[in-house]
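All of the numbers you see were taken from the coordinates with simple rules; none came from a lab. A quick note: this is a predicted structure, and the numbers were derived from the prediction, not measured. Note that each Cβ is placed from the backbone with ideal geometry, even for glycine, and that neighbours are counted across all protein chains shown.
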């Protein structure tokens, strides 16, 4: 009996871990500036005594917005132009108040006043060079037809890109295409004179560039604002509105550069900003890297164990059932096998329209993945028990249930455990992808690291995940030691 | 002597091959009966009809004075000991657990079972240190004796042995045969053994039958 309790304790472990309290859940768009702004909101709320759950790495606009609408998050930073074009599908430019009204009437959403900067497309050149030529606005370009212009391929193609811009401003230059990542280097080395940028890019600060003023207001404005449901607690709204007009373009450029080039953490940059503006007083208790890794590892374990426990609870009885009704086994094993062929990232993505974002869809997807190895090994393990022993078990008076309990299951145990072990290792690995749909865990480091091209951050998630997989392997060695007599171990 | 088991007019086919064609058999209390037959003649099938592992196509099986009830077959099987060629010891259980399994499931008290276990090991000349060993650690002869201990743990009224001694070398076989007869003297019961070995049958059995032309012929 002791060995079953041991097994049970292992299965129930995730339930025994402490549960989280109800909190404000802050989302973030999957890029540098998105993370910084979300971290500013999070720390601002924490400074006012709220508990905050960070739901970062939510991918693009659609996922964030769906998450907000489905109440998986409570607030996230968004841009006015994006809301007008991608969410409200507006054909024309909307003023700030038009946008407010439409969001309120059509979607029951509200936005805060602008944080104070506009992250739009812009044309940029080296500061000294522009000053020497007395170029301040886009209109000033008309009198400098010989500038060498290199633009990102996207900007060359967009409706609000070069073609219409050059028409609107009657610009004479003939641009060439360049990979956006290389454009700054080319400017630095004077290979080109002008390129397109996002007006808050950290590179503007780093390379000493200026953004030319859009004096004819050609570009859509992308004011950064907080987006939330109108039902959000009014005291929370009051706090986030404190950010109005606190960040200008230069300040945002600086913050972006600090993360990308000075490798400061989001948390540090956000905290420094809020202190410099006097928006929070008490020094934030810096969560150490170790504490962060520990907490993410815990989340990771929780997701993994829940998915695995569910899979065991379903696959084990189902496997026994398939053994009893052998004619069913082919159909069921084939169907479950089909699930396994769906790429994990696709399966996770499929979960979003069905179940939204967060831990539930992630656990569901991982559960589906863990089913097959357990199910197949249970069934084959039971089928493989020596027929003579099955006959003898019946012959000495064991009923079908007793045969299962005393003879068939113990003899199939090595195979069943091997199945669970495979499932566990697969689940730990796949769970790193769960960060893409906001389930948290070690994958958050990896996803953020990928977004920022930061190897150290990627390793911060990958190494603990690998260690976890090894620990689980060892744990199963111990379980096998307890459950299977030595001479029957493989 | 009262009747323990009787087969009347048994017909049975397996994969369209007729095995028994109007077979009759009566077994009396506390006798040893041997059933001889070539391989494929249906000896094992006949034995498995006695504990309900095989159902005859037609004909009646009466056991302990009642028609066999397949719905309560596990209950009946606890009163019938069963040992087979290759012994059928469970590799994941120790000797003690193997022998005591029928007792464990019929919820006999542990004290009683331990006492019976010692008694049985004594009876077949096995040391008590063998209890904690696993089947793979035993010789063929030891395994055979453990198998018989398991079969008679609950003092079954009827003991069925399917080629139970055939895998042993001659010397071990002789030893086990004499122990077998000693057990029968100590705890007389009805025993039916199936064998292909005529000498074994003559040495051990009171009655001997041979399966021929899908019927039984009495030789002794």
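Rounded, prolate or oblate: pick one for the range B:129-201, where a ≥ b ≥ c are the square roots of the eigenvalues of its C-alpha gyration tensor, a/c under 1.5 means rounded, and failing that, prolate if a/b is larger than b/c, else oblate.
Values: a/c = 1.76, a/b = 1.14, b/c = 1.55.
Cα axes put the range B:129-201 in the oblate bin.
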Checklist line | the range A:429-450-the range A:138-161 distance, computed between alpha-carbon centres (Å) | finding: 38
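Classify chain A as rounded, prolate or oblate from the Cα gyration tensor: take a ≥ b ≥ c as the square roots of its eigenvalues, call it rounded if a/c is under 1.5, otherwise prolate when a/b beats b/c and oblate if not.
Values: a/c = 2.64, a/b = 2.36, b/c = 1.12.
Note, shape of chain A comes out prolate.
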Notebook entry, point to check: For residue A:241 and residue A:339, what is the calculated FRET efficiency with R₀ set at 51 Å and r taken between the beta-carbons, to the nearest 0.05?
Noted result: 0.65
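Using a 10 Å cut-off on Cβ atoms, rank the peptides B:4-13, A:474-483, A:407-416 from the highest mean neighbour count down.
Numbers: B:4-13: 17.9, A:474-483: 14.0, A:407-416: 21.1.
Descending mean neighbour count gives A:407-416, B:4-13, A:474-483.
How high is the FRET efficiency between residue B:39 and residue B:171 when r is their beta carbon distance and R₀ equals 22 Å, given to the nearest 0.05?
Numbers: r = 24 Å, r/R0 = 1.11.
According to the calculation, E is roughly 0.35.
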Next item on the list: Working from Cα positions, state the angle (0 to 90°, nearest 10) between the long axis of helix A:289-324 and the longest principal axis of chain A.
Entry: 40
Item checked: Cα gyration tensor shape for the range B:62-197, rounded if a/c is under 1.5, else prolate or oblate -> oblate
Margin query: Calculate the FRET efficiency for residue B:28 and residue B:213 from the Cβ-Cβ distance with a Förster distance of 30 Å, rounded to the nearest 0.05.
Written below: 0.75
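Which whole number gives the average, over all residues in A:388-394, of C-beta atoms from other chains lying within 10 Å of the residue C-beta? Intermediate results must be reported in sequence, preceding the final value.
Numbers: counts 5, 7, 1, 7, 13, 3, 8.
Taking all residues of A:388-394 together, the mean is 6.
Let me have the 222 nm mean residue ellipticity of chain A computed from DSSP H runs of 4+ only, each contributing -39500 (n - 2.57), with the sum over all residues rounded to the nearest 500.
Numbers: 20 runs with 277 residues, N = 490.
Mean residue ellipticity at 222 nm (helix-derived): -18000 deg cm²/dmol.
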Notebook entry, point to check: Under a point spin-label approximation (7 Å from Cα along Cα-to-Cβ), what is the residue A:383-residue B:110 distance to one decimal in nm?
Noted result: 4.0
Notebook entry, point to check: Given labels modelled 7 Å from the Cα in the Cβ direction, how far is it in nm from residue A:174 to residue A:144?
Noted result: 2.0
Next item on the list: Between the alpha-carbon centers of the range A:307-332 and the range A:360-428, tell me the distance in whole angstrom.
Entry: 8
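Helix-only estimate, please: 222 nm mean residue ellipticity of chain B, summing -39500 (n - 2.57) across DSSP H runs of length 4 or more and dividing by its residues, to the nearest 500.
Working: 7 runs with 75 residues, N = 220.
The per-residue figure over chain B is -10000 deg cm²/dmol.
At a threshold of 8 angstrom on Cα-Cα distance, excluding pairs fewer than six apart, so keeping six or more, what relative contact order does chain A reach in percent? Walk me through the numbers before you get to the answer.
Numbers: 739 pairs, mean separation 86.1, N = 490.
Reported relative contact order: 18 percent.
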Check: If the chain between residue A:268 and residue A:281 were fully stretched, how many nm would it gain, using 0.36 nm times the residue separation less the Cα-Cα distance?
Finding: 3.2 nm
Next item on the list: Compute the long axis of helix B:110-123 from its Cα atoms, compare it with the longest principal axis of the Cα atoms of chain B, and write down the angle in degrees, 0 to 90, nearest 10.
Entry: 80
Next item on the list: Please give the length that would be gained between residue B:122 and residue B:187 if that part of the chain were fully extended, namely 0.36 nm times their separation in residues minus their C-alpha to C-alpha distance (nm, one decimal).
Entry: 22.1 nm
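Starting with the highest mean, order A:193-199, A:239-245, A:69-75 by the number of other Cβ atoms within 10 Å, averaged over the residues of each peptide.
On the way: A:193-199: 22.9, A:239-245: 16.9, A:69-75: 19.9.
Going by the mean number of other Cβ atoms within 10 Å, highest first, we get A:193-199, A:69-75, A:239-245.
Would you mind putting A:225-234, A:99-108, B:87-96 in packing order, based on average other-beta-carbon counts within 10 Å, highest first? Mind dumping the intermediate values first?
Details: A:225-234: 17.5, A:99-108: 14.9, B:87-96: 20.9.
Those peptides, ordered most packed to least, come out B:87-96, A:225-234, A:99-108.
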Note to self: Just to be sure I understand the model, the point goes 7 Å from the Cα along the line to the Cβ. What's the resulting residue A:481 to residue A:456 distance in nm?
What the structure shows: 3.8
Next item on the list: Using a 10 Å cut-off on Cβ to Cβ distances, tally the other chain neighbours for every residue of A:396-405 and report the average as a whole number.
Entry: 6
Notebook entry, point to check: On a 0 to 90 degree scale, rounded to 10, what angle separates helix B:140-152 from the longest Cα axis of chain B?
Noted result: 70
Check: Highest GNM mean-square fluctuation, chain B, Cα pairs closer than 10 Å: which of B:130, B:99, B:35?
Finding: B:130
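For peptide B:147-158, what's the mean number of Cβ atoms from other chains within 10 Å of each residue's Cβ?
Details: counts 1, 0, 0, 2, 3, 0, 1, 2, 0, 2, 0, 0.
Partner-chain Cβ atoms within 10 Å, mean over residues of B:147-158: 1.
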Next item on the list: Quick one: check the C-alpha center-to-center distance for the range B:1-70 versus the range A:185-244, whole angstrom.
Entry: 92
